[in-house]
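Worksheet for the structure shown next.
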């Protein structure tokens, strides 16, 4: 991209020098020139060429990625080609150059206009008609007749030698020139029509940008076609009074075309000023995400969406860090806002709204600081969400492992102990057999110890993950917990609705841990209430305030579990007679 402005600057310097050289040659032999006949002609010649060259150089500096500037500068240089088809030139090389390229200005101007502002032709129709113009002007009206034109033998005794002469065939040279003039009428009209079609098909934002360039270019092509029609009777291009007036009109239209490019710059600056004002207002008052509202108002698209690519690989998120639906849909398209080769934001907007590349660049430039701030804010929030999701997965994996251990203990070790207890009972001596008091006592003792082990094992399995929690839900598990709670539990309202397993597990272990901590702190009892409010489970535990600080400090593990699920924990009344512990757990998993 850096080569584009450098190339345009070099072409601009060369074009400016080429214009001065062209005018000097024209004034040295004014009889067959346009600009050399008067000072008005000289001013018109330089004004038309230099204005396009200047516009092209400036456009390349503004948009290095676009070739529009190079095309404009090339069209400005091509404007001077006509003057080199001058028999009064003393140089055979210069005269031969003029024979070949004299008619190329029109297709060069049309190419630059049709490719503006992106720097590339937008359709096969445009490409085809531009190639037709280049072939008609450069080959049929330029190179091919020159191959058979011998100035000395065909009535131009003052002309220098033709360096590309292959064979002197006057009839063929004249016929090719007439054919080139007829084709010139066709391709000039075709190029003008292609510009009209582009205007008709353009979206309103793009039409506002291109019409100040396409309209003068279309007028220029029509005057070029009129010149071809005027030249047909004599069979060659000339510079009679009619040709001269048509040439002056073409020069004026090229100046207007360059002014149309400059007007786009003025519009872009006004757009940037408007965006800057809105962004500043938003920065002073709007929260993160307010930039979307600013751009929606400024671009008159209330459904506009703004997203920021974060992460690796990049994924689109909103200003609040949540995933953004930024895919194009019916009547919607996505435009990346790029600064220094990096996409800072993505806009999903009404189709055609940002066809004006100047508007896109000015919006990106003016809102750069606000977008960077929001992007960084969104990236932090997205990373926080990723961390919470990772924590939630860890909690879910831990709960799954708890359930597996509970099943293994219940179905494995506990069942084996039960089977062993049953086997011991079967070994007890039958009443009909001889009594063995010592053996009977040992069996009874072993049976009692096995029953105690089975009870402890059941209690351990229940503490790891109570089976009733997975089978019947939170309310049933809390009711079952009260039977073996280390502190008396009074049940208030319990939600009976089933919730996602991680949410139920977090609520249950919060209640169990709080009850154990309350018992260790010397509390005389706790009261438990649960309810579902929207997408959140709210658990409230109330106990006496005998040792609130110790109770709060011991809940750190539970707070981590609740926080991993997007919830929060708070404690009220530390210094009062009662302590209330609130847990809010998100159910939107």
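Nothing in this text is a laboratory measurement; each read-out follows from the coordinates by a stated rule. Computed from a predicted model, the values in this text were never measured in an experiment. In this analysis, Cβ positions are derived from the backbone assuming ideal geometry, glycine residues included, and neighbour counts consider all displayed protein chains.
What whole-number volume per residue, in cubic angstrom, does the convex hull of the C-alpha atoms of segment 1-113 give?
Once divided by residue count, the hull of segment 1-113 is 86 Å³.
Report the FRET efficiency, 1/(1 + (r/R0)^6), for residue 125 and residue 65, where r is their Cβ-Cβ distance and R0 is 25 Å, rounded to 0.05.
According to the calculation, E is roughly 0.55.
Could you give the distance between the Cα centres of segment 99-162 and segment 184-239, to the whole Å?
So the separation of the two Cα centres works out to 15 Å.
Classify segment 3-269: rounded, prolate or oblate, from the alpha-carbon gyration tensor (a ≥ b ≥ c, eigenvalue square roots; a/c under 1.5 rounded; otherwise prolate if a/b is larger than b/c)?
It comes out prolate by the Cα gyration axes.
What is segment 146-222 by shape, rounded, prolate or oblate, if you read a ≥ b ≥ c off the alpha carbon gyration tensor as root eigenvalues and call it rounded for a/c under 1.5, prolate for a/b larger than b/c, and oblate otherwise?
It is prolate, given that a/c is not under 1.5 and a/b is the larger ratio.
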